[in-house]
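*Asks:* One structure, as structure tokens, below. Some questions next.
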Amino acid sequence: SKVKVIDHPLLRHKLGYLRDKNTYSQDFREIVKEISKVLVYEAMRDWQHLEKIAIETPIAKTEAQRIVRAPVVVSIMRAGNGMLDGALSMLPFASTGFIGIYRDKFIHNTVEYYFKMPQDIKGKDVLLCDPLIATADTMIAAIDRLKNYGVGQIKVISILTSQTGLDKVHHYHPDVEVYTVNIENEMNEMGYLVPGLGDAGDRLFQ
Ligand code: HSX
């Protein structure tokens, strides 16, 4: 399958703080940033595009490697913005795009209010950031839009996911890889992950 659950003692430790309702925004943001770095690290593990360059150490001439054709980091606002700092610190050479999209509970559909990609998005690989996938309606709408622009491989980093959501992403976009810390047991009637961590945007920014 295209889902990779990144299970690690340090991530389990950090996740506990994210879940805890007594963890407030500043710490929450810091932990989301740390987890995002790890997810990017894992998502880039099989990156094939490196070039050799000549450098000199203080001791000798040698060869080093540089990432080329860097993925475009795309945030699904608003919660995805909490993952940007961490992602971009691992990929300082990457350009960034933003998708403003939400699931409207009255019209039972996703609404896009913002879409801004770097000029050269066509053909580029994308690292798509959103801390949560619940029903996956938001994620699928975002992927649909990116594919309209003819992007390359899309990898998603999402801290908590649901099995239903992951199955749905796989159904509509079998080529997309998802990197997550945990697949949650349940989703409630409101579309919240259980136990989850609440509304990621609110936890990050309120
Ligand atoms: C939250 O809801 C997350 O950050 C995602 O953008 C979205 C996940 O819900 P769903 O569309 O997967 O149900 O704001």
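*Asks:* Between Asn188 and Gln206, how many nm apart are label points set 7 Å from Cα along the C-beta direction?
*Replies:* The answer from the label model is 1.3 nm.
*Asks:* Let me ask something else about it. Comparing Met190, Met139, Met117, which has the greatest mean-square fluctuation in the GNM of the chain with Cα pairs linked when under 10 Å apart?
*Replies:* Met190
*Asks:* Sequence-distant or interchain residues sharing an amide H contact under 5 Å with Ser75, placed H: which?
*Replies:* Gly97, Phe98, Ile99, Cys129
*Asks:* Quick one: pull the percent of accessible area on region 3-205 belonging to carbon and sulfur, 1.4 Å probe, ligands and nucleic acids left out.
*Replies:* Values: 5560 of 10990 Å².
Roughly 51 percent of what the probe reaches on region 3-205 is carbon or sulfur.
*Asks:* Along region 133-148, what does the Karplus equation 6.51 cos²θ - 1.76 cosθ + 1.60 (θ = phi - 60°) give for ³J(HN,Hα), rounded to whole Hz, x for Gly and Pro?
*Replies:* 10, 9, 6, 6, 4, 5, 4, 5, 4, 5, 5, 3, 5, 4, 5, 4
*Asks:* ³J(HN,Hα) across region 2-11 via Karplus (A = 6.51, B = -1.76, C = 1.60, θ = phi - 60°), whole Hz, x for Gly/Pro?
*Replies:* 9, 9, 10, 8, 8, 9, 7, x, 5, 6
*Asks:* Follow-up question, since we're still on this one. Size of the dipole of region 3-205 about the Cα centre, Lys and Arg at +1 and Asp and Glu at -1 on the beta carbon, nothing else charged, in debye to 20? Intermediate results must be reported in sequence, preceding the final value.
*Replies:* On the way: 24 positive and 26 negative charges, 82 e Å.
My answer is approximately 400 debye.
*Asks:* Quick one: order Ile157, Ile53 from most to least accessible surface, probe 1.4 Å. Each step should come with its number before you reach the end.
*Replies:* Working: Ile157 0, Ile53 35 Å².
Ranked list, largest accessible area first: Ile53, Ile157.
*Asks:* Show log10 I(q)/I(0) for the chain at q = 0.14, 0.18 Å⁻¹, two decimals, from a solvent-free Debye sum over equal Cα scatterers.
*Replies:* One equal scatterer on each Cα of the chain leads to -0.80, -1.30.
*Asks:* Now for a separate question. Which of Ile31, Gln153, Thr180 sits farthest toward the positive end of the charge dipole of the chain, with +1 on the Cβ of Lys and Arg and -1 on the Cβ of Asp and Glu?
*Replies:* Gln153
*Asks:* If you don't mind, another one. Just the number please: accessible area per residue for region 87-206, 1.4 Å probe, all protein chains included, in Å². Can you show the working numbers first?
*Replies:* Working: 5820 Å² over 120 residues.
Averaged over the residues of region 87-206, the accessible area is 49 Å².
*Asks:* Expressed as a whole percent, how much of the Cα-Cα distance distribution for region 131-206 exceeds 20 Å?
*Replies:* Numbers: 845 of 2850 pairs.
For region 131-206, the fraction of Cα-Cα distances above 20 Å is 30 percent.
*Asks:* Follow-up. Could you compute the net charge surrounding Pro118? Neighbours are other residues with a C-beta less than 15 Å from the C-beta of Pro118; K and R count +1, D and E count -1.
*Replies:* Numbers: positive: Arg69, Lys116, Lys122, Lys124, Arg145; negative: Asp120, Asp125.
Result for the local shell: +3.
*Asks:* While we're looking at this one, here's another question. Could you pull out the trypsin sites (Lys or Arg not before Pro) across region 86-172 that fall in loop regions by DSSP (anything but H, G, I, E, B) with no more than 14 other Cβ atoms inside 10 Å?
*Replies:* On the way: sites: Arg103, Lys105, Lys116, Lys122, Lys124, Arg145, Lys147, Lys155, Lys168; in loops: Lys105, Lys122, Lys124.
Listed in order of number, the matching sites are Lys105, Lys122.
*Asks:* Work out the charge dipole of the chain with +1 on the Cβ of Lys and Arg and -1 on the Cβ of Asp and Glu about the Cα centre, then indicate which of Pro195, Phe106, Ile59 is farthest towards its positive end.
*Replies:* It is Ile59.
*Asks:* Also, quick follow-up: Which of Asp85, Asp130, Asp104 ends up with the largest GNM mean-square fluctuation for the chain, with Cα atoms connected below 10 Å?
*Replies:* Looking only at Asp85, Asp130, Asp104, the biggest GNM fluctuation is shown by Asp104.
*Asks:* Oh, and also: For Ile154, which sequence-distant residues (separation of 5 or more, or a different chain) have an amide H within less than 5 Å of its own amide H, given hydrogens modelled in the peptide plane?
*Replies:* Val126, Glu177
*Asks:* Please report the spacing between the Cα centers of region 14-77 and region 106-173 in Å, no decimals.
*Replies:* Computed from Cα coordinates, the inter-centre distance equals 20 Å.
*Asks:* What ³J(HN,Hα) values, in whole Hz, does the Karplus curve 6.51 cos²θ - 1.76 cosθ + 1.60 give for region 84-90 when θ = phi - 60°, with x put for Gly and Pro?
*Replies:* 5, 3, x, 4, 6, 6, 7
The values are calculated or read from the model by the stated rules, or taken from the named source; none is laboratory data. In this text the structure is predicted, and so the values were computed from the model without any measurement. Note that we place each Cβ from the backbone using ideal geometry, even for glycine, and neighbour counts take in every protein chain shown. In case anyone asks, the SASA skips ligands and DNA or RNA and just uses the protein heavy atoms, side chains included. Shrake-Rupley method; radii C 1.70, N 1.55, O 1.52, S 1.80 Å.
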